[in-house]
Structures are given as structure tokens and as C-alpha cells.
Amino acid sequence: MIKLEAQPDEIYDIELEHSLLEANEKLARQNRALLDEHGTTAIDFMGAIGSGKTTLITKLVEKLKNQCGVAVFNGDATTSEDADQIEKLGVPVVQIATINGCHLDANLVGKGLRKIDISKAKFIFIENIGNLICPAEFPLGSKARVVVVSVTEGPWMVRKHPHMFLGAQIVVINKIDLADAMGVSVEALINDVHTLKPDITVIPTSCKNGTGVDAVAQTLLAI
Amino acid sequence: MHELSIASGLVEKLLEFSAHNPERTILEVRLEIGELSHIDSEQLRFCYESIAKETPLEGSILTIARVPAIVSCPHCTYRGRPDYWDEALAIAPVMTMRCPHCGKAVEAEQGHECAIKSVRLLDTHTAPSV
Ligand SMILES: Nc1nc2c(ncn2[C@@H]2O[C@H](COP(=O)(O)OP(=O)(O)O)[C@@H](O)[C@H]2O)c(=O)[nH]1
Ligand SMILES: [Mg+2]
Ligand SMILES: [Zn+2]
């Protein structure tokens, strides 16, 4: 057996500056440049499974599709039902399957962008997937991130999962029709979000009876 | 789970380095990870060790240094450590984007990094002892 015995001078350090996020960030910048070129605004929706992302996107598409072009990327590929539901509204839908079921990345979104006619879309709504933290490290090229939470996640949801709010510009607190039944104060949740990030826009909604959906649409149109 | 994608990128970069430097063995890899990045060091280490198995990187040490967050406030002149939220129910301290001085929104200057800084190498082409 050959044994290597290192002399002290045979061990040395070298600088190797290399960002592990840069590859994705570069692709995200390319996506953004492509979108900007066409005057298209991509919005990234994230949040727990069941918080109401697909329902909210469906309502937004219904509201906006007659006044501007809309396309939807669905990264929540567990079933195709979500995509089918939106496709019925007659807008382009791209279903994106992630490799590890973790999060969308800029490469996948970039491929999606090549599948549609971007110039016809004023908005691309991207339904991100996964746990609440993963997507934060992986920008996609979107102009704003919307975190969708629902009152059914309980009164301490912001305090328990603070990290996902830090990188978002808009927070939608959904299912407020259930707030009383759940004993959850929407006011207190809004306060919690503002404690974390004072300049974030918080919009309470009920996708069931339509409350607040207009406010979300107006906020997106103003971006 | 994003630790897996980051570990894959890390291993890929290091194997590329190894392929170009066959006479050098990577003993240790030093990373800097910002306080604002949501990367779990233990998970990252686990993913790294799993992927590094049966490659020239097997047995190498991953050293992770945490980079503290620095925020600055566009509303007043504050620049420094962020404000923490004591009422949060998370295990680790939770930083906020609220200015500790004026209470308005701050911007992050430092704390998002996730990068390789340096590697420690062993030169193996010098005479081996038997
Ligand atoms: N009561 C109530 N239910 C809602 C609301 N929004 C969505 N839901 C329901 O919540 C469930 C999950 O919604 P979905 O949009 O699929 O969540 P996603 O996993 O985030 O995409 C569905 O059964 C929706 O009908 C709401 O505002 N109020
Ligand atoms: Mg969904
Ligand atoms: Zn300030």
C-alpha cells in the first residue's frame, strides 16, 4: 500500500471564489431581460400547499384576461387538475415538473418562456411549489413575489414561518371567510407581517366569496 | 431540500477543479453562508457528504462560516445589525427588515451569500513514502 504523508508545505490553501447561487441568478436575469423586452410582468406565487394559490390565480385570470394577455406556469405538478382548471379559462398554461419536487428554478422557467408567445402576455403568473423556504434562494426572473397564506394555518403562522415573508413584496392572507370560525385575527396576522417587513403590501382575501381579489389585481397592475 | 441543489452545484464545481488538478487532493472546502440565506448547514453537509461519496472528494471536510446580516436604512442613517423578533416562535433568532432606529423598512447589504471561499489542498505528486 502506498501511504501519503503530507509535509506541511504540501498542504496549502487557495482562494476559490465561486457563488453557488450565481448560475441560477444569471438565468433569472436572462429571464427578466427577455420578459422586459416584451413588456411582460412575471409574478411568482408561493405558499403552503392548500393555502389557495391555484384558486387565487384562477380568480385573477378570470378578472384580467379580458383586459390583458395572461399566461400561467404551474410548478405544482402533483396532479394536472390545477393546470386543467386554468386551461379551461382559455389562457396558455405551462405545467412545469421539477426534478426533486423542491422548487422551480430559473432554468425551468426559462424553458417555459420559450413555449409560449411572451409578446401576447402582459402577465405570467407562476405558481411555485414546495415548502415555504426553498424558493427564496432561487429567483426566477419575476418582478414580484406573492406569498399566499391562509387563516387555516393558524394564528401563529407568521411567527412560526417568518423567513418566507422576508423576500416577498406582497402577502395575501386568504380564506378570511373562515377567520371567525378558526378564531384567527386577520389584524394580528397583518401586524405580524409588518413587524417582519414594514413595507410589504398585505391583502386579506377570500377566494370563496371574492373579497380582496380585486385589490390583488389592482396591486399587480400597478407594479 | 434546496440544500441538495446547492450541494450538487458545489460538488460539480469541485470535481471540475479536481479534473484540472489531478495531482491535488481537496482536503477541505470552506464556504460562506449568509444569515439571510435559508440554507441549513447540517442538511447541506449531509447532502455534500452523500454526493461526494465515491468521488475524489470523498472524505473532504466541509467548513461553513456564517456571514452575519448587515442592513441599512434608507429612511434614517442606520447601518448595522438587523433588528430581531423576540416574539417569533422559531428555534433560531428571527431577523426582521425593520429598522432598529426608526422602525421603517431596511435593505439588506450583506447576508445573502452562499459561496465557496477557499479550498485546502494536498499536493500528491511529491514523493510518496512507502
Ligand atoms: N373557504 C375557503 N376555501 C378556499 C379559499 N381559497 C381556496 N380555498 C380552497 O382551498 C383548497 C386549496 O386551494 P388551492 O388553490 O388548490 O391551494 P394551493 O395548493 O395553494 O394551490 C381548495 O379546496 C380551495 O377551494 C378561500 O378563500 N376560502
Ligand atoms: Mg395549487
Ligand atoms: Zn431607519
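Just one residue in the set B:61, B:33, B:91 is exposed (fewer than 15 other Cβ atoms within 10 Å of the Cβ) and under 26 Å from residue A:12 (Cα atoms); that residue is B:61.
Every condition in (1) modelled with pLDDT of 95 or more; (2) open to solvent by 30 Å² or more (accessible area, probe 1.4 Å); (3) closer than 25 Å to residue B:103 by Cβ holds for residue B:80 except the one numbered (2). Taking region A:177-198 as the range and being within 14 Å of chain B (Cβ to nearest Cβ) and surrounded by 14 or more Cβ atoms within 10 Å (Cβ to Cβ) as the test, the residues that pass are A:189, A:192, A:193, A:194, A:195, A:196, A:197, A:198.
All told, residue A:208 meets the bar of being over 30 Å from residue B:73 (Cβ atoms) and open to solvent by 10 Å² or more (accessible area, probe 1.4 Å).
Residue check: is residue A:63 within 16 Å of ligand 1 (Cβ to nearest atom) and either more than 19 Å from the chain's Cα centre (by Cα) or of a type in the set (Phe, Trp, Tyr) (or both)? Here the answer is yes, as residue A:63 does meet what is asked. State whether the residues of region A:101-113 include one that is in a loop (DSSP other than H, G, I, E, B) and small (Gly, Ala, Ser). Yes: region A:101-113 contains one or more residues that are in a loop (DSSP other than H, G, I, E, B) and small (Gly, Ala, Ser). The C-beta contact set for region B:90-107 (first residue in contact (Cβ under 8 Å) with a residue 24 or more places away in the chain and more than 16 Å from residue B:74 (Cβ to Cβ), second residue more than 7 Å from ligand 3 (Cβ to nearest atom) and not in a loop (DSSP other than H, G, I, E, B), distance under 8 angstrom, 6+ apart or interchain) comprises B:95/A:166; B:95/B:84. Pick from A:35, A:27: which is open to solvent by 20 Å² or more (accessible area, probe 1.4 Å), in contact (Cβ under 8 Å) with a residue 12 or more places away in the chain and not in a loop (DSSP other than H, G, I, E, B)? After applying the criteria, what remains is A:27. As for region A:74-89, it holds no residue that is more than 14 Å from chain B (Cβ to nearest Cβ) and at pLDDT 95 or above. Of all residues in region A:155-176, those that are open to solvent by less than 10 Å² (accessible area, probe 1.4 Å) and either closer than 23 Å to residue B:91 by Cβ or of a type in the set (A, V, I, L, M, F, W, C) (or both) total 10.
Taken over region B:117-126, the residue count meeting the criterion of being farther than 24 Å from residue B:4 by Cβ and either outside any strand (DSSP E or B) or open to solvent by less than 20 Å² (accessible area, probe 1.4 Å) (or both) is 4. When only residues in region B:1-26 that are surrounded by fewer than 21 Cβ atoms within 10 Å (Cβ to Cβ) and not in a helix (DSSP H, G or I) count, which is farthest from the other protein chains (Cβ to nearest Cβ)? Per the stated criteria, the residue is B:22.
The values are calculated or read from the model by the stated rules, or taken from the named source; none is laboratory data. Quantities reported herein were computed from a predicted structural model and do not represent experimental measurements. When we count neighbours, we look across all protein chains shown, and the Cβ atoms used for this are built from the backbone with ideal geometry, even at glycine. Ligands, DNA and RNA are excluded from the accessible area calculation, which covers all protein heavy atoms including side chains. Shrake-Rupley method; radii C 1.70, N 1.55, O 1.52, S 1.80 Å.
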